[in-house]
Each structure stands twice: as structure tokens, then as C-alpha cells.
Amino acid sequence: MRRLTSGAGTGLVGIPAVPALGLLILCPLILCALILCALMSGPALADRAACEFGAPRSSWVETSVTIAERGHDTPVMTSTTRVGVPRDWAGSAALLGDGSAVGCLLPEGGRTSVTTSADGAEVVVLSTLETRLEHYGPQWGGGSAGLWGSRESGGTRVVALLPTTVDLPPGLAGARWRTVVVKTPESPARTVTPLPSQVLPGGTYVWRDGAAPPRVEVAVPLSARAAFQRWVDLSGQRVLTVATYLGFALPYLLLAWLLVLLHRRSGDRDERALVRIVLGVLAAITSAGAITVVLVLTEAGFPAHMIGLTDGAAIAVLAAPLCAAAWRTARARTPRAGSGLAGSGFGGSRFSGSRFSGPAFGAVVLAGAALVAVCGFAPLSMRYLQNPGEPAWVASAVASALLITAAAWAVAVRAARVPGGRTPGAARALLSWSVPGLALLTLGFVAHAVVVRPADVLPDVVVSPFLLLRSVAYLMWPLVVFLLLLLLRLRGRREESVGPLTTWLVVFLFVVGTIRWPGTYAGMPVPLAALTGLAVLPLLLRLTRRAEAADPGVSRRRLAVIVEECRDLEAREKGLRRRWASGDLDDDAYHRENGPVDDRIRVLRAEIGLDPGREDGLSPLDVALSRGPAGSWWANARLAARYASYVGAPAAVFLIWATWSTDSRGRDGWLDRLGEPNGFYGLAGDLIGGLLVWPVAGFVLGALWRRLPGRRGYLKGVVPVLAYAAATGAHAVLNNVIGQAPVRGSLVRVLLLFLVLTVVAVLMDARTLQTRPGGLASRLTPVAVVYRLGTAGSGIALVVAQAAAILGLWSQLRNGIDITSQVDTSTQASLPADAQLLQGRTGE
């Protein structure tokens with residue numbers, strides 16, 4: 001940071017400030033330490049300069065480098081180098097064997113292959129290395145790829161061959177440089193030195209037949225996007241910090257505003273208590289980002305982190321739900337436990353059963369206190385006692401991960417017990433596997449960070465509970481989905497129809513639970529997809545708004561029987577009318593036979609509240625299909641979510657496998673992806689999103705069933721699919737406009753969602769028309785008759801839509817499976833920069 005204190009005296013919370021004389025003493029010591037480090041690094045260079053096989057008597061080199069930006073999130077430098085050595089060189093056998101002699105000819109890294117020339121006289125080594133010129137970190141930029149290096153100066157990127165003399169591998173001493181190529185296809189070079197032997201179209205510069213490596217330097221102007229990213233990292237750290245926080249927290253902040261409005265308008269005590277719980281969870285999830293913003297803007301990050309305020313705040317945030325649970329349980333065990341003040345949540349007699357009283361209660365409280373103590377031991381002891389060993393850091397991180405799980409469990413149970421003091425069976429079943437899953441996820445995140453680390457030091461997320469909380473917060477959206485479902489359940493028990501506030505809660509549930517696209521454009525986080533979904537879905541609901549059918553006042557089965565009987569009577573009426581029109585019946589015979597049919601239809605229509613004279617344009621079939629199979633919108637939502645879970649299971653397996661089997665960077669296999677620092681984070685995000693998107697989308701379809709357009713169920717899924725497609729399309733279009741990595745597989749996701757919701761809607765209609773118990777075939781038969789499948793009826797739209805979706809999927813997948821992950825690992829890449837700001841390692 002620029003400045004810790006403003007003068008002598010004391011600094012933050014009474015810590016003595018560093019006097020000017022101390023700084024004068026420290027400066028020479030720091031200079032000596034730097035000189036000592038430089039002298040200690042000399043033997044490493046000398047060791048590298050040695051090669052046990054010696055330099056070959058003759059060799060040749062062909063090398064090229066390409067600087068490309070379009071199609072990548074950050075500029076990419078790709079180098080390709082071919083080196084040929086005589087077959088009788090001492091290292092040739094090692095090259096053709098285990099490849100141990102490659103280090104004599106080429107720098108480490110990249111994909112290397114060894115072959116022999118056509119005449120067998122030479123051994124040829126081919127190496128390809130791709131380096132992303134990242135925009136994060138205190139220093140923007142330089143990078144190396146094989147024999148090439150890149151640096152930035154002002155608005156120019158300079159690409160150089162062998163930036164320093166020590167970069168020349170020992171085996172290339174005296175080599176003939178047959179071809180040296182620099183390709184800058186996206187922008188013309190400003191300066192090129194030395195004069196190239198040939199200039200080809202597309203920004204290609206070639207040097208040929210050099211006895212020594214040419215000192216090639218090509219200066220390329222930065223694109224507008226790269227210049228903006230450079231400004232963000234160098235001059236706009238504060239802007240980037242605020243934007244990163246808003247990019248993550250803005251949908252949650254909008255949801256918090258809606259919840260505050262609901263809290264002010266609601267008169268239900270249980271609902272207000274549940275709203276406060278959801279607000280507390282949103283505050284906890286966004287707390288780490290908010291603290292980071294405040295510390296960066298006030299330049300107090302370094303002292304706050306050094307004295308443990310950030311880690312202490314994180315531990316306090318995680319311990320608060322456990323403390324609240326312990327306090328309510330302890331209050332329930334007092335003589336006043338039976339009073340109404342302790343009758344909900346963790347308090348009250350309902351929670352003071354045998355499992356949470358006596359020794360069990362003491363064990364739970366003791367376990368929570370132990371987690372808090374171990375979580376803060378290593379960070380605090382490092383600052384005040386002594387630097388602990390690596391096992392202490394790992395134990396602290398494990399305790400932090402378990403503390404996150406315990407806090408989420410406490411909040412979920414507390415929220416589930418608000419209406420009535422008992423946990424619903426569905427919520428209990430969900431928590432029985434989701435809480436252990438969260439524990440495995442957080443522990444796996446810590447274990448992966450410890451195992452896959454770029455250096456021989458523990459990563460920041462392991463040594464700091466604050467940074468661990470901030471990282472895991474990006475994966476805590478399922479907890480928000482669970483709490484929104486509980487809130488909607490409470491409102492569903494009190495509302496016959498979906499009101500305006502309930503509709504907005506459903507919209508936020510749809511956005512938080514299904515739209516998981518990354519939101520980083522030119523290095524600046526913007527939740528474009530989420531904001532588009534929040535705008536498009538309410539707009540489509542308003543444009544396609546239809547009057548909700550009145551309650552028929554009968555059970556679902558009775559309504560299905562009425563629909564079936566009315567359809568039979570109307571078919572008989574139509575047959576009589578046809579016979580009368582053809583002359584087979586006279587007027588008296590027609591009225592004699594049709595009169596009882598018409599009277600029965602009038603009675604049935606009047607029973608369900610329709611106009612007996614059929615002047616309203618509605619049929620019993622329309623009423624039944626528009627209201628859905630259940631008696632309330634909440635029951636419709638639950639049924640649709642259950643159907644979507646079953647139908648979407650194959651789609652979830654396919655998406656997870658396709659996303660992680662390969663990617664646009666050419667990496668194949670799960671293990672290759674897990675080898676990256678953010679690999680486990682991406683895997684966990686894709687796994688959670690791939691599993692939850694289907695039940696959440698089904699729940700939204702069922703909740704809005706009576707408001708969605710279409711008299712047949714297969715048309716009702718169009719509105720949610722269009723909203724999802726609009727959010728996905730906005731992200732993909734902006735990505736392509738600014739030339740970032742293309743979004744692959746977005747159409748596949750949209751088509752899969754359309755297929756799943758269409759099947760769910762057909763199953764909902766089948767349940768609505770079911771009149772007797774039976775298997776799937778007996779349930780689908782009435783739907784096939786109603787849709788008039790096989791004839792030129794309304795069912796032809798279903799057949800055409802499904803065929804078009806399947807054809808679209810086939811056209812997308814026939815050229816190979818390449819589906820972009822929906823997890824924004826670029827936001828995780830910015831976490832080390834925030835850690836450096838908090839620890840005082842900044843380049844400003």
C-alpha cells in the first residue's frame with residue numbers, strides 16, 4: 001500500500017507507527033537482502049548453463065511465435081520451435097529414449113515430440129508452448145513462451161527472441177538459425193528490428209539463415225480491449241475491486257432490496273422472520289467482498305490484515321449462526337422454554353428434544369467452539385506468537401471449511417423450522433445429502449489448493465479464513481435457492497394465486513438458480529446475463545399476461561372426469577350435428593337425441609363455474625390444463641420440480657461430461673482440468689449448476705403455470721426458455737463483439753432446457769387428465785388424444801418443436817462436443833491480486 005500511517009505516534013488500534021529513523025535503518029538492510037538473493041541465484045544459472053551431453057557439433061533451429069487476442073479472454077503468445085541435431089550426438093539416444101536431453105536444446109514446458117528425419121541422419125525435436133498474458137497481479141505483464149518473451153511498455157507490446165543471453169539453451173550454442181518467424185495477424189507492427197528477410201501478408205515477418213540468433217524485437221500496439229485491461233490492472237485497482245464486488249453481489253443486492261420491501265409490507269410474523277434470515281445470509285455471502293472494497297478504498301487493507309481484523313471478521317461471520325443456534329437452544333432449555341417467545345426456530349419446546357438437550361447439546365456447542373478456535377489459531381499465532389508449521393495452516397483451513405458447512409447447516413435448519421417449528425420432510429431429505437456434500441466440497445477445495453500450488457508455499461486461501469470465505473462464497477448460491485424455496489413455500493400456504501411480490505421472488509429464483517454464465521468482459525466484471533434475465537422474464541410475463549382461470553371448486557380427479565365426459569358428449573353432439581346436416585336426421589329427431597346431451601353439458605359446465613351456454617369461449621379442458629394438476633400454484637411448482645429432476649438427470653450427466661471432457665483450450669480429460677489452480681472450483685461449480693438447473697427451472701415453470709400463455713402445457717415452457725436464451729445470447733454476443741473466448745454450446749444448453757421443460761409440461765398435462773390409477777402409458781393416452789397426435793391438430797406443433805430441437809442438438813454435436821463452462825474462473829484469478837493488496841504486495 002502507499003502509506004500505512006500519516007506520521008509518528010500510533011497507527012491503527014494502538015500499534016506503534018514505524019518512525020522515520022527505523023525506515024532509514026531498514027532500507028540498507030533490504031538492499032543487502034536483495035543483493036544476497038541475487039548472489040544466491042547465480043549457481044542456479046550456472047547449473048542450467050551446463051549440459052552433461054555437451055553441445056552438438058552442428059544443429060539448426062526453426063522457431064516462430066504468434067500473438068493472438070481474438071478468441072481468448074486474455075492475449076495468448078504461442079511459440080513453435082523445431083531443433084535438429086545429428087544422430088551421432090551424445091544426447092540423441094536420450095532424446096529418443098526418455099527425452100531427458102530436451103532441456104539441453106529447449107526451455108522447459110510445452111508439448112514436446114521427438115522424431116527422426118526422413119534419411120535418419122538427424123533427430124528433430126518439436127516443442128509448442130502457449131502462454132496466456134494474464135492481466136491480474138501487481139505487475140502487468142511480461143510472459144515467456146519457449147525462446148520468446150513479451151513485455152509491455154506504455155501502449156505497446158514488445159515481442160523479442162531470447163530477451164536475455166542466459167535464455168539460450170546450452171545445446172544451441174553455434175546452431176544455425178534457419179527460420180525465425182513473428183506473426184501478428186490482428187494488428188500491424190510499429191517497429192521491426194532487425195530488417196526482416198521477408199514480409200508476408202497477415203503481419204508475418206521472416207528472418208532466414210542466421211549464423212547467430214537474430215536480436216528480433218517486434219513492437220505491436222495494444223488493442224483497445226488490451227489497453228483497457230491494462231488500465232484496469234495498473235491504474236484502476238479500486239475500480240476493478242468495486243466492479244468485482246458488484247459483478248458478484250449486484251443480483252444479491254437487488255434481491256435484498258426486494259426482501260426489504262417484502263418485510264415492510266408483510267404482516268406475517270413467520271414470513272418476516274424468514275425474510276430476516278435470508279437477508280442475513282445475503283449479507284454473509286457478500287461480506288467478504290464488501291470488506292475488501294472498504295479496505296481497498298480506505299487503503300487500510302495491509303494493517304487490517306496484519307493485525308488479523310480480516311480473518312477475525314470472517315470467523316465472526318461464520319460463527320454468528322452457530323452462536324445464534326446455541327443461544328436459542330440454551331434459551332429453550334430454561335424454565336421459560338414453553339412460552340411463545342421461544343416457539344420457533346431453534347428455540348421452543350419443539351427443538352428441545354432428546355437430541356438437542358443434555359450431553360448432545362453440550363457436544364454440539366463444544367464442537368462449534370473447537371472449530372472457531374482451530375480456525376483462528378494459525379492466522380493469529382502467526383501474527384502474535386510464532387510462525388506455525390504447514391500442518392497448522394492446513395488444520396486451520398480444514399476447520400474454516402467445516403465452519404462454513406456448520407454455518408450453512410445452522411441457517412438452513414433455522415429457516416426450515418420457521419413455519420411451525422418443525423423441519424419439513426422434503427427439506428430434511430434435501431439437507432441430509434446437501435450438507436455432507438457441502439462439507440466434501442469445502443474440504444476438497446482446501447485439499448486441491450494445498451496439492452495443486454504453483455510454488456512451494458501454501459496458497460492464500462489456505463492461510464487466510466477471510467480469503468477462503470470469499471472464494472467459497474461464489475459457490476454458496478444453492479443456499480440462497482433453498483431459502484427462496486422456503487420463503488415461497490410460506491407464501492404458497494397463504495396465497496391462492498401468484499401475486500406481484502411472489503412473481504418477483506420466482507424471477508430471482510430463476511436467475512440465481514439457472515443463469516450461471518460468467519460476467520467478465522475486458523477484465524471488468526459485469527453480471528450481464530443475470531441482469532438480462534431479471535429484465536427479460538418479467539417483460540415476457542407482462543407481454544403474454546393472461547387472465548387466470550377461476551377455481552372450479554372441485555377436486556383434480558373430479559375435474560378430469562368432467563373433462564373426459566364433456567369431450568365424449570361434445571363428440572356425440574358433433575356426430576349428431578353431422579348426421580342432421582347430411583339429412584339422416586330430421587329436426588325433431590335431432591332435438592330429441594341432442595337435447596339430453598346439451599342439458600348434461602350445461603350441468604357439467606355449471607358445476608365448475610363455466611357459462612352453461614358456452615358463450616365464454618372456454619371448455620372444461622381449457623380450465624383443467626390452464627390450472628394444472630394441483631390445487632395451488634405451490635403444489636404445481638413442487639410437482640414440476642420433481643418431474644424436472646427425473647427428466648433432467650440425463651441432460652445433467654451429459655452437460656457435466658461434455659463440459660469437462662474437453663474445452664476450447666485443447667485440454668482433454670478431467671485430470672488435466674483439475675491440474676489447474678482453479679480446477680476444483682470449476683468442477684464444483686459445473687457439477688452444482690448442472691444438477692440444480694433442471695429442478696429450479698421446473699419449479700419456476702410450475703409456479704408460473706397459471707400465468708404462462710398457451711392452452712396446452714407444451715407451450716408454457718417457451719417463456720422461461722426465451723428468458724434463458726436472452727441471457728445466454730447477451731453474454732455470447734458481447735463476448736464475440738469484444739473478441740473474447742467464444743461461448744460454445746450455449747445453443748445446446750437452450751435446446752436441452754426446451755426439451756426438458758416440454759417433457760415436464762406434457763407430464764403435467766397427463767397428471768391433470770388422469771382419471772384412474774395406472775402406468776405411464778395409461779397416463780399419456782388421454783394427452784395424446786387431447787393433443788390429437790397423428791392428425792393435423794394442435795399436437796403437430798409439439799412434434800415440430802421437438803423435432804427441431806433434436807435436429808438442432810444433432811447439428812451442434814455432430815462436429816464434436818465442446819461446451820463452455822459456466823463457471824467464471826477469471827473472478828477467482830483476481831483473488832491473488834486482492835490477497836497481495838491486503839498483504840501490502842502491490843505494484844502501485
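The values are calculated or read from the model by the stated rules, or taken from the named source; none is laboratory data. Quick caveat, the model's predicted, so the values are computed rather than measured. Positions of Cβ are backbone-derived with ideal geometry, glycine not excepted, and every protein chain shown enters the neighbour counts. Note: areas computed on protein heavy atoms with side chains; ligands, DNA, RNA excluded. Shrake-Rupley method; radii C 1.70, N 1.55, O 1.52, S 1.80 Å.
Side notes on the structure shown:
- The one condition from (1) modelled with pLDDT under 50; (2) in a strand (DSSP E or B) that Val65 does not meet is (1).
- Considering the conditions (1) open to solvent by 40 Å² or more (accessible area, probe 1.4 Å); (2) free of Cβ contacts under 8 Å to residues at least 40 places away in the same chain; (3) in a strand (DSSP E or B), Arg178 is excluded by exactly one of them, (2).
- Condition met for Arg572 (among the basic types (Lys, Arg) and closer than 30 Å to Ala635 by Cα): no
- Condition check for Val647: modelled with pLDDT under 90 and on the phi < 0 side of the Ramachandran plot: no
- Among residues of the stretch 529-542, those that are touching a helix residue (DSSP H, G or I) at 6+ places or on another chain (Cβ under 9 Å) and surrounded by fewer than 18 Cβ atoms within 10 Å (Cβ to Cβ), counted: 3
- Criterion violated by Val603 - all others in (1) without any contact (Cβ under 8 Å) to a residue 40 or more places away in the chain; (2) more than 51 Å from the chain's Cα centre (by Cα); (3) surrounded by 12 or more Cβ atoms within 10 Å (Cβ to Cβ) satisfied: (3)
- Residue-level check: of (1) in a helix (DSSP H, G or I); (2) acidic (Asp, Glu); (3) closer than 19 Å to Ala640 by Cβ, Asp568 misses just (3).
- From Glu573, Glu565, residue being under 54 Å from the mean Cα position of the chain (by Cα) and of a type in the set (D, E, K, R): Glu565
- Hey, Arg638 buried (at least 18 other Cβ atoms within 10 Å of the Cβ), charged (D, E, K, R) and at pLDDT 85 or above or not: yes
- Number of residues in the stretch 251-278 that are in a helix (DSSP H, G or I) and open to solvent by less than 50 Å² (accessible area, probe 1.4 Å): the value is 16.
- For Pro170: the one exception among (1) crowded, with 18+ Cβ neighbours inside 10 Å; (2) out of contact with any Leu (no Cβ under 8 Å at 6 or more places or on another chain); (3) closer than 27 Å to Leu105 by Cα: (1)
- For Gly289, the test of being of a type outside the set (A, V, I, L, M, F, W, C), open to solvent by 50 Å² or more (accessible area, probe 1.4 Å) and either at pLDDT below 90 or touching a Phe, Trp or Tyr at 6+ places or on another chain (Cβ under 6 Å) (or both) is failed.
- Taken over the stretch 110-131, the residue count meeting the criterion of being under 38 Å from the mean Cα position of the chain (by Cα), among the small types (Gly, Ala, Ser) and open to solvent by 30 Å² or more (accessible area, probe 1.4 Å) is 2.
- If you check Gly617, Gly609 for being part of a loop (DSSP other than H, G, I, E, B), surrounded by fewer than 16 Cβ atoms within 10 Å (Cβ to Cβ) and in contact with a Gly (Cβ under 9 Å, 6 or more places away or on another chain), only one passes: Gly609.
- Among the residues of the stretch 317-335, those identified as at pLDDT 65 or above, more than 18 Å from Cys375 (Cβ to Cβ) and surrounded by fewer than 17 Cβ atoms within 10 Å (Cβ to Cβ) are Trp327, Ala330.
- Selection status of Val457, modelled with pLDDT under 90 and under 21 Å from the mean Cα position of the chain (by Cα): no
Residue by residue, here is whether (1) in contact with a strand residue (DSSP E or B) (Cβ under 7 Å, 6 or more places away or on another chain); (2) open to solvent by 50 Å² or more (accessible area, probe 1.4 Å); (3) of a type outside the set (A, V, I, L, M, F, W, C); (4) over 12 Å from Val123 (Cα atoms) holds:
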{"site": "Arg57", "(1), (2), (3), (4)": "yes, yes, yes, yes"}
{"site": "Val65", "(1), (2), (3), (4)": "yes, no, no, yes"}
{"site": "Arg70", "(1), (2), (3), (4)": "no, yes, yes, yes"}
{"site": "Pro75", "(1), (2), (3), (4)": "yes, no, yes, yes"}
{"site": "Arg87", "(1), (2), (3), (4)": "yes, yes, yes, no"}
{"site": "Leu96", "(1), (2), (3), (4)": "yes, yes, no, no"}
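- Test: residue in the stretch 97-109 that is assigned to a strand (DSSP E or B) and either polar (S, T, N, Q) or over 44 Å from the mean Cα position of the chain (by Cα) (or both): no
- Selection of helices (runs of 4 or more DSSP H) fully inside the stretch 465-551 by the criterion of at least 1 residues being farther than 30 Å from Thr423 by Cβ, among the small types (Gly, Ala, Ser) and at pLDDT 90 or above returns 528-543.
- Here the condition is being among the aliphatic types (A, V, I, L, M), touching a helix residue (DSSP H, G or I) at 6+ places or on another chain (Cβ under 8 Å) and under 25 Å from Ala288 (Cα atoms); of Ala473, Ala427, Ala416, it holds for Ala473 alone.
- Residue list for the stretch 83-96, restricted to those being over 15 Å from Ala173 (Cα atoms), touching a residue at least 24 places away in the same chain (Cβ under 8 Å) and not in a loop (DSSP other than H, G, I, E, B): Ser92, Ala94, Leu95, Leu96
- Hits in the stretch 480-500 - residues which are open to solvent by 30 Å² or more (accessible area, probe 1.4 Å) and aliphatic (A, V, I, L, M): Leu485
- Filter pass, Arg767 being in a loop (DSSP other than H, G, I, E, B), farther than 30 Å from Leu674 by Cα and out of contact with any strand residue (DSSP E or B) (no Cβ under 6 Å at 6 or more places or on another chain): no
- Pro196 being more than 39 Å from the chain's Cα centre (by Cα), in contact (Cβ under 8 Å) with a residue 40 or more places away in the chain and in a loop (DSSP other than H, G, I, E, B): no
- Yes/no for Arg711 being among the basic types (Lys, Arg), at pLDDT below 80 and within 20 Å of the chain's Cα centre (by Cα): no
- Only one of the listed residues (Leu752, Leu747) is over 25 Å from Val623 (Cα atoms) and open to solvent by 40 Å² or more (accessible area, probe 1.4 Å). That residue is Leu747.
- Residue in the stretch 261-272 that is among the small types (Gly, Ala, Ser) and within 21 Å of Ala320 (Cα to Cα) present: no
- Within the stretch 510-528, the set of residues being buried (at least 23 other Cβ atoms within 10 Å of the Cβ) and among the aliphatic types (A, V, I, L, M) comprises Val511, Ile515.
- The listed residues are Leu751, Leu757, and the only one of them that is assigned to a helix (DSSP H, G or I), at pLDDT below 90 and either among the small types (Gly, Ala, Ser) or within 17 Å of Ala651 (Cα to Cα) (or both) turns out to be Leu751.
- Matching entry among Thr442, Thr423 (being at pLDDT below 90 and crowded, with 21+ Cβ neighbours inside 10 Å): Thr442
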